[in-house]
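Structure first, then comments.
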Amino acid sequence: MGEAVLRDIAKKRGIDIVVDSCGTSAYHLGEDPDDRTVQVCKKHSVPISCVGRQIETCDFTNFTHILAADESNLRQLLQIKPENSTADVRLWGSYLDNKPIPDPYYGGKDGFEKVFQQCTALSNAFLDAVAGKDD
């Protein structure tokens, strides 16, 4: 969801960035997003089309920023971060309130809506920091 929301907000703000998402483990490789994620994005007219993949070493040099959803993912990313990394690896929440993004998978639709709202706020805060405030 975060990838779709960030890409959509950047496009609406006229900011040309490459957005991709991946996991730190092999869960959900090659899978489409959860149906509830798709439903919430559709409700907010946010296009979503991605397939699950795992982070690769080249991502640390191909991207300028790698945003972790929570502290556990951040620790894993920092452990595998190669010495030649040029990416700024941070908790996504560090751009706003330092709060992790909870996994809504085991909850109901309400959890997905809350994560959508959090991703919207985090996307704007991140874009404000890296591309300037949207006036």
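The values are calculated or read from the model by the stated rules, or taken from the named source; none is laboratory data. Quantities reported herein were computed from a predicted structural model and do not represent experimental measurements. Positions of Cβ are backbone-derived with ideal geometry, glycine not excepted, and every protein chain shown enters the neighbour counts. What goes into the accessible areas is simple: the full protein's heavy atoms, side chains included, and nothing from ligands, DNA or RNA. Shrake-Rupley method; radii C 1.70, N 1.55, O 1.52, S 1.80 Å.
What is the gain in length, in nm to one decimal, between residue 83 and residue 18 on full extension, counting 0.36 nm per residue of separation less the C-alpha to C-alpha distance? Intermediate results must be reported in sequence, preceding the final value.
Working: separation 65, 0.36 × 65 = 23.40 nm, distance 2.28 nm.
The residue 83-residue 18 span can extend by a further 21.1 nm.
Any idea how many Lys pairs in the chain come in under 23 angstrom at the alpha carbon, given 8 or more places apart or on separate chains?
Within the chain, the lysine pair count is 16.
I'd like the Kirkwood hydrodynamic radius of the chain, using the inverse of the mean 1/r over distinct C-alpha pairs, in Å. Walk me through the numbers on the way to the answer.
Values: mean 1/r = 0.0651 Å⁻¹.
Computed over Cα pairs of the chain, the Kirkwood hydrodynamic radius comes out at 15.4 Å.
If you count only protein heavy atoms with a 1.4 Å probe, what accessible area per residue comes out for the chain, rounded to a whole Å²? Walk me through the numbers before you get to the answer.
On the way: 8230 Å² over 135 residues.
Per-residue accessible area for the chain comes out at 61 Å².
Region 13-72: which GluC sites (Glu not before Pro) are DSSP loop and have at most 15 other beta-carbon atoms within 10 angstrom? Could the numbers behind the result be given before it?
Numbers: sites: 31, 56, 71; in loops: 31, 56.
Listed in order of number, the matching sites are 31, 56.
Leaving out ligands, DNA and RNA, what percent of the accessible area of the chain is carbon and sulfur, probe 1.4 Å? Show your work: numbers first, answer last.
Numbers: 4080 of 8230 Å².
Percent of accessible area from carbon and sulfur atoms in the chain: 50.
What is the sum of charges, Lys and Arg at +1 and Asp and Glu at -1, for the other residues whose Cβ falls under 15 Å from the Cβ of residue 67?
Numbers: positive: 7, 75, 81, 90, 99; negative: 3, 20, 59, 70, 71, 88, 97, 128.
Taking every other residue near residue 67 into account, the sum is -3.
Run through all the Cα pairs of region 8-74 and give the fraction in each 5 Å bin from 0, expressed as whole percent.
Each 5 Å bin holds this share of Cα pairs: 4, 13, 19, 24, 24, 14, 3.
Which whole-number percentage describes the relative contact order of the chain, with Cα contacts under 8 Å and a sequence gap of 6 or more? Mind dumping the intermediate values first?
Details: 175 pairs, mean separation 34.9, N = 135.
26 percent.
Would you tally the net charge around residue 47, using a Cβ to Cβ cut-off of less than 13 Å, leaving residue 47 out, and scoring K and R as +1, D and E as -1?
On the way: positive: 7, 11, 12, 42, 43; negative: 3, 8.
Local charge sum for residue 47: +3.
Where Lys and Arg each count +1 and Asp and Glu each count -1, what net charge lies around residue 21 among other residues with Cβ under 11 Å from its Cβ? Let's see the in-between values first.
Numbers: positive: 7, 53; negative: 3, 20, 59.
Once positives and negatives cancel, what remains is -1.
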